[in-house]
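Quick notes on the structure that follows.
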Amino acid sequence: MPQVVMSLDEDQEKDAGTYFPSVKRDPGRYLQPCSAAVKAWLRSMKEAGKVLLLITSSHSDYCRLICEHVLGKDYEDLFDIIITNALKPGFFSLVPHQRPFRTLVDDVEESEGLQALDKPGWYSQGNWPHLHQLLKTMTGKPEPKVVYFGDSMRSDMFPASSFGRWETVMVVEEMEGEGVPTSAAARANQTQDQDQDQDQDQDQDQDQAQTQAQTQDQDQETKAKFEDQGMKAPSDSSRQWGSYFVDARESAGEAGEEGKEEQEQTLTWCCHSIHKYSTMAIPSVEHIAGLPLDYKFPRFSPDRPPTSGYYPRPPDSLQGGRSQDTS
């Protein structure tokens, strides 16, 4: 069982554009708290002696806002080490003098970089070699095993597996758009949030009436734009581009069979990269939060079928027809 478990990334800049100010004004409009099962899962790993880290390219103030809304006010108790403004993928690829760790005072980075990490805590920027040394000290292992959860191939999977040699779990929400059911914990959590939202809406109807009238035209325009593009849930397959995992194209039939075509499937670059740089893929952390810590998960391997690393099951497009890996 690995000694270290890490969290997801949010690779964003501080207060850039309109997105960050909007989220900070009304986080409940954009963020959904995780289920009790996820928080219990994190606590159980810590109680079992695992070292938990949160590494994000977000700045500390935005990270705090997100974590308080998603995990609760006591989120810092769930992690041994929190690293913000990590500037991935450089966190993994750069050497210590290029990207030293820095301490924070009131969310402001100290100008002097640290020569090493000697204890757990909250840090900014940093690099994989110094973190690796701290993990060796904390775990008492010469080569601690690390499991890293992320949702970006560029910032998470590729650098963590290639430079850090970590086990990697890619969160691929598109799996839910291809037949993989939403976890029971997530469904229950969504239902609870909807009930709470309905109660809050009743209290706020009068306050929101004027705002709704002012933004009605804009909302209709935005809705029409998304409907024209065939967009539903973020996990749904695109009507324009098709499956996230497989490209399907028509190939000509055998010579002399004019007009006869057959469909050939080829793995997309995204799908191939998942198989190459991830240990396994899941639709969300909710899907594994209720499992025992010693559960034996399937994993991607050159010696196994290409669908072996998807949990709880592969997406529909990878389960039927012929798929070719053209790498």
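Read the figures in this text as sums done on the coordinates, not as results from a lab. Bear in mind that the values here come from a model prediction, so they are computed numbers and not experimental data. Glycine also receives a Cβ, built like all others from the backbone with ideal geometry; neighbour counts cover every protein chain displayed.
For the set Lys50/Lys296; Lys119/Lys296; Lys46/Lys73; Lys24/Lys46, the pairs lying more than 28 angstrom apart at their alpha carbons are Lys119/Lys296; Lys24/Lys46. Highest mean packing comes first when the peptides 157-163, 235-241, 292-298, 132-138 are listed by Cβ atoms within 10 Å, giving 157-163, 132-138, 235-241, 292-298.
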